[in-house]
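> Please find one structure pasted underneath; my questions will follow.
Only the coordinates and a few stated rules stand behind these numbers; no lab work does. From a predicted model like this one, the values you see are computed outputs, not experimental measurements. Here the Cβ positions follow ideal geometry from the backbone for every residue, glycine too, while neighbour counts run over all protein chains shown.
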Amino acid sequence: MPENIDKEILQTFIDESIEHLEGIENDLLAIEEQGTSTDQELINKVFRAIHSIKGASGFFGLTKISDLSHGMENILNKIRNKELPPTSQIINVLLSSVDTLSSMINKPEESNNVDISEDLILLKGAETGAASESAQAEAAAQSDTEKAAAPISQEAAAPATEGMEPCADIPFSIAADDLTKVEDEGKMLYTIKYDLIKETVDKGIGLLDFIMNLQKVGTLIDTYIDFSLVGTLDADLDSITISLTVLLATVLEVDFMVGSIVTSEDQVIQITKEMLGDAPAAEAPEKEEKKKEEKTEKESSRMPPTSTSDAIHQPEKETQEKEKKEQKGDIVADLKKQLTASTSLRISVKLLDALMTLTGELVLARNQLVQSLSVNDTLLIENSTKAINLIISELQETVMATRMQPLSIVFNKYKRIVHDLAKASGKKINLLIEGESVELDKTIIENIADPLTHLVRNAADHGIEIPSQRARNGKDEAGTLKLHAFHEAGQVIIRISDDGGGIDHNHIKDTALKKGLFPKEQLEKMTKEELVNIIFMPGFSTAEKVTDLSGRGVGMDVVSSNFSKLGGVVDISTSIGKGTTFTIKLPLTLAIISSLLTSVADSRYIIPQVNLLELIRVPPDQVKSRIEKIEDVHVIRLRERLLPLVRLSDVLDVKSIYRDPETGEVLDDRRYNIHDRRGSKEDVSADDNKRATPDRRKNFDSACNIVVVNAGDIQYGLIVDTILDSEEIVVKPLGYHLSECKGLYAGATILGDGRAALILDVVNLCRQLNLGITNSMAKQKMIQKEKELERDAKLLLVVKNAPNEQFAFPLSLISRVEKVNKKDIEITAGKRDIKYRDESILLFKIEDVANVAPIDDEKETFMIVFNMGKRTSGIMFSHLIDIADIDIEIDESTFQQPGILGSAIIYDKTTLLVDLYGIVNAKLEEWGIRTEAPAEGAQHLILLVEDSNFFRKNIKAFIAEEGFNVITANDGVEGLEMLEKHKDSISLIITDIEMPRMDGFEMTRRIREELHMLSIPIIAVTALAGESAEKKGFEAGITDYQIKLDRDRVLASIRKYLSEVKK
Amino acid sequence: MDDVKEIQNEVIHELMIFKVHDVLCGLNNIRVKEINRNTRITDVPHSPPYVRGVINLRGDIVTIIDMRVTFGFESIEINEDMRVVVVEFMDENVGLLTDRVLDIIPVDGNKFEAPPAKLLKKVSGDYFMSIYKRAGDLIAVIDIEKILQK
């Protein structure tokens, strides 16, 4: 390559060429797909792209690039002229040439040393082989010999547009028409070869004069300089020749030229019609390498066609070939190279203008600030600071926008990869791409290509089955691979799904066992999801054999860690026989991320917003009841789920601190068990909950701050000392010496006070802790616990009237809680009432019916508003404590009395469960008010089967309130007995699921199967409807599912099914 | 000696003299990017013991190597005299936490000697390129590449 070429211009050439090549690949695939009916415009597009590469590379003297693109151009020309069908064989040859071409263009300075003979032979083979339908290699060889015989070849062609007929031994494309035109004018067409040095330097005339001289004798149509013959700067100046070929139309005969414009006849070749005829369009597009080959062949009498003219490069050939093969084999490496190689970027002028405007504004704001500082005007300073703040935010956004690039850059590469993979494995794969216009930061785009390719390759290689197998499984022979990108909650989600065989968790189990990743017992206990997630563990690869296209020893663990390096998480869901979906969540940008600042001891740690789910502060007096220890794992009860907890101080091995309640002194927190504050080494069981004395250490500062984070397949809580603030941070990498602890940190940043702080990598952290998988035992227990929770969990409103008496109401029965001003309460005829939403409602106190301490005489009290049939009533209380979402055991005997259903321990206190309906009914009865039963219900008898007295009473109360007749049973066995007794009168059954002796499922089954009562509606009521339980219930014959104390919905369901029965 | 040759190859014109515990150390001044009194170091839990932490050096996160720990001495609390010597290693800035920086002196190329196997019976001679003899004391010239290589 000439060394004097401007680096900048060369870079432009590289950028442009890469852009061209990127388009070409997909276009070629489209051409192949369309076959002979290919859109002409598409071929033209590819042709033009290749042509501009050829043209520009010729200019730079990149002969090999020019040669190769010329060869491609020839084939494309034939395809364009419909002389060659775009078979997949030909397209493959073109594609592989595109590969070679792009690798050469990426390193233009070395491109002239690249051995392209193989590509050229293939190209020639494709070009002629397809025409003569003979075997490719033979054809290649043959065509070579033919060419050697007929001395017609051509230097690099000038812009060849349609209709132009390139001709022989001349570097120009000449249309027959043009020749006719020249001849019509009585002129002849010549190509004349000059040595420019001789003609100008030696003769002491300028280039312009030389050209003018030529113009005097004829019309100069075109010129061509062969740079490959120019030599390099360090060559001997005297030996330098610049070969110039001109295309001249003139009336002069060759004889007359000698002496005037040429020195020897040999320099001149006359172009004749015959020459054009000898090289018709179909055969014509030969190129300079052919000429060169011809030369070599002449020189070394029939060297095999595989050899090239570049004899000097022979020794390097072997290594080059090897390199090339490697390059070809590893599409991914290429892809990565291409993506990481981009050092320049195209941005829209609009963005650039916006940046300019903002910069201008910033300058103005700065001037303003400087000025206001000099006059020391506080108001002005404040204003300009605000302005600068605004401008900088906007500037930040705009700069970020310039870095955003569409995912299509990555996605479009997969067309080729999937195409090649499908070819290589004999599969049929349809690739669907959606959302390729979704934009991500350049850095992310560049770095996701690798792991994404791995996933795509895995899907194509291992996921989608071979056609015969697909057919056997009753699937479409062609598998579908779908890439889908979209925005969700400030993140970009990429989904890669295939409709292949899915991942067999048993297979994973076997492999994991074989590889000794886990002990057998542990594997046995793992759930399906846990097993599937093993694929992300280091040292695991399910590939039966490592094919050329699969794995290459890179496991899914690398994929996962690659994404997590980018602040992303991968999730997997799979179904055997149906397919696999990988979901990747990525942040929009890496440079600046939102995050949460937390602290442990005196160090601050940052948790990226991407991983953040929620923050929980467990008040000190609830720590004991909400946090438990199962096996070795601390867990918290969070909305009927158990969430594993990790103390950040334990993970990081630093001292945790807390503030002493009395002295305010900062002390080391030496708690061993989170849920127990006594520093004991022993696990304190949940029995402690029953201690009725208040916890001595209820203190604000010993509350538990939990950051709930999402680590892909698992969520867990990180316990930190303090949660400080959310902040936008700039991510900086950690140094070389900290690479070992990169599993813990995703990097570092600089905080507002100028100090460095570490960013936690919560995904890897979790993997290192093995929270998800290794604690299978704990997990099992957790699942068991969760089940228990489901049965008994209920939301209770906890209140107090007198300091030592705590009450609880089932929250689901309450419509509202209102503040009551004492003076609004009216007492009429011994009945308390209050205006509530334009209606006067009766107000009750618990002590009206139950024998409890009277309500505290406060100015302001609260009331619970609830509905009983059509009547709205209120019950007063004085102190609101909390809404408890906890597992309680109801003691139904100790405190049994009117208005009270039972008692339970809530927050270490004996709490009375209030019977809302009981209180109201008792008072109404006393006053002689009867609730008139709605007529509709009276004719129906409902059987309620429920083992818990508390629920039975409550449910019965609200159903009866609606006027239905209710009979009750304590369990399934009793229920069946009752049903047999009142077989004809019972029109609907409401049953609990978990009951002693016989559960709801079993009872339902028996009702349906043994009593043959197929149409009677059976409504199951549970504390919490779980999907699996529901499914099981429906299988058993349950008509509907409702939540136990959800009065309105239970009633609605009753009405719905009763009306259906009537019909 | 090979080591001495190496030094001559590296060409030391000036030595920056600093102290680590009671070892008087020298570092080819050409390797020193800056001497800094920024000792607001952020701990990095689970880092190798010789890493004291990280600091913010004008927007860059720089790893601080505790020279005391590297030489096998007890680490001490940060005090007024301590300085961070910033050097470049593998294209990134690394800070050396030293007890105090004393001087920068021009050197005489003939006064270098090969280091002993052990310095003060404790510190491995591998960390040093040579010993520079000065009137009254000996300066152990550290081999920064070896020290910073994990």
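> In nm, to one decimal, how far is the modelled label at A:LEU432 from the one at A:LYS203, with both set 7 Å along Cα→Cβ?
7.0 nm
> Something else about it: For A:648-654, what's the mean count of beta carbons from other chains sitting within 10 Å of each residue's beta carbon?
Mean number of neighbouring Cβ atoms from other chains: 2.
> A:THR968's amide H: which non-local residues (gap 5+, or another chain) put their own amide H closer than 5 Å, with H modeled 1.01 Å from N in plane and none for Pro or chain starts?
Amide H neighbours of A:THR968, under 5 Å, 5+ apart: A:LEU944.
> Across peptide A:599-610, what mean number of C-beta atoms from other chains lies inside 10 Å of a residue's C-beta?
Taking all residues of A:599-610 together, the mean is 1.
> Shape call for the stretch B:106-150 from the C-alpha gyration tensor, a ≥ b ≥ c root eigenvalues: rounded (a/c under 1.5), prolate (a/b greater than b/c) or oblate?
Because a/c hits 1.5 or more and a/b fails to exceed b/c, the stretch B:106-150 counts as oblate.
> On to the next question. Apply the Karplus curve 6.51 cos²θ - 1.76 cosθ + 1.60, θ = phi - 60°, to the phi angles in the stretch A:446-460 and return the couplings in whole Hz, x for Gly and Pro.
5, 9, 8, 3, 4, x, 5, 4, 4, 5, 4, 5, 4, 4, 6
> For the stretch A:7-129, what size does the Cα cloud have along each of its three principal axes, sorted from largest down, in whole Å?
Principal-axis extents of the Cα atoms in the stretch A:7-129, largest first: 42, 26, 18 Å.
> Still on this model: Using a 10 Å cut-off on Cβ atoms, rank the peptides A:390-398, A:898-906, A:577-585 from the highest mean neighbour count down.
The packing order, highest mean first, is A:898-906, A:577-585, A:390-398.
> May I ask you to derive the FRET efficiency for A:ALA424 and A:LEU345 from their Cβ-Cβ distance with R0 = 30 Å, giving the value to the nearest 0.05?
About 0.35, to the nearest 0.05.
> Shifting gears a bit: Length gain on complete extension for the stretch A:THR219 to A:SER88, per 0.36 nm per residue less the alpha carbon to alpha carbon distance? Don't jump to the answer; show the numbers that get you there.
Numbers: separation 131, 0.36 × 131 = 47.16 nm, distance 4.54 nm.
The A:THR219-A:SER88 span can extend by a further 42.6 nm.
> Next question. Over its Cα atoms, what ratio of radius of gyration to 2.2 N^0.38 Å does chain B give?
Relative to the 2.2 N^0.38 Å estimate, chain B comes out at 1.00.
> Okay, moving on. Per-residue mean of other chain beta-carbon atoms within 10 angstrom of the beta-carbon, peptide B:48-61?
Shielding by partners across B:48-61 averages 5.
> Can you pick out the pairs among A:LYS124/A:LYS413; A:LYS423/A:LYS509; A:LYS835/A:LYS859 whose Cα atoms lie more than 29 Å from each other?
A:LYS423/A:LYS509
> Of the peptides B:74-84, A:55-65, B:124-134, A:605-615, how do they stack up when ordered by the mean number of other Cβ atoms within 10 Å, highest first?
The densest-packed peptide leads the list: A:55-65, A:605-615, B:124-134, B:74-84.
> Within the set A:LYS427/A:LYS528; A:LYS953/A:LYS1044; A:LYS629/A:LYS1032; A:LYS54/A:LYS187; A:LYS442/A:LYS585, which residue pairs have Cα atoms separated by over 23 Å?
Violating the 23 Å limit, Cα to Cα: A:LYS427/A:LYS528; A:LYS629/A:LYS1032; A:LYS54/A:LYS187.
> Distance from a point 7 Å along Cα→Cβ of A:TYR736 to each backbone N in the stretch B:87-112: keep the residues under 12 Å and list them by number.
B:87-95
> Could you rank the peptides B:23-36, A:200-213 by their average count of other C-beta atoms within 10 Å per residue, with the highest value first?
Going from most to least packed, we get B:23-36, A:200-213.
> A further question follows. Under 5 Å between amide H atoms, partner at least 5 residues away or on a different chain: which partners does A:ILE271 have, H built in plane at 1.01 Å?
Residues meeting the amide H criterion: A:LEU189, A:TYR190, A:THR191.
> Another question about this same structure. Tell me, what HN-Hα J-couplings in whole Hz come from the Karplus equation 6.51 cos²θ - 1.76 cosθ + 1.60 at θ = phi - 60° for each residue of the stretch A:997-1014, using x for Gly and Pro?
The phi angles translate into 6, 9, 8, x, 4, 5, 4, 4, 4, 5, 4, 6, 8, 8, 8, 6, 8, 7 Hz.
> Which links in A:LYS578/A:LYS1056; A:LYS415/A:LYS732; A:LYS578/A:LYS1031; A:LYS624/A:LYS923; A:LYS45/A:LYS578 stretch past 30 Å when you go from one Cα to the other? Mind showing how you got there, number by number?
Numbers: A:LYS578/A:LYS1056 38 Å; A:LYS415/A:LYS732 35 Å; A:LYS578/A:LYS1031 21 Å; A:LYS624/A:LYS923 39 Å; A:LYS45/A:LYS578 40 Å.
Long pairs (Cα-Cα over 30 Å): A:LYS578/A:LYS1056; A:LYS415/A:LYS732; A:LYS624/A:LYS923; A:LYS45/A:LYS578.
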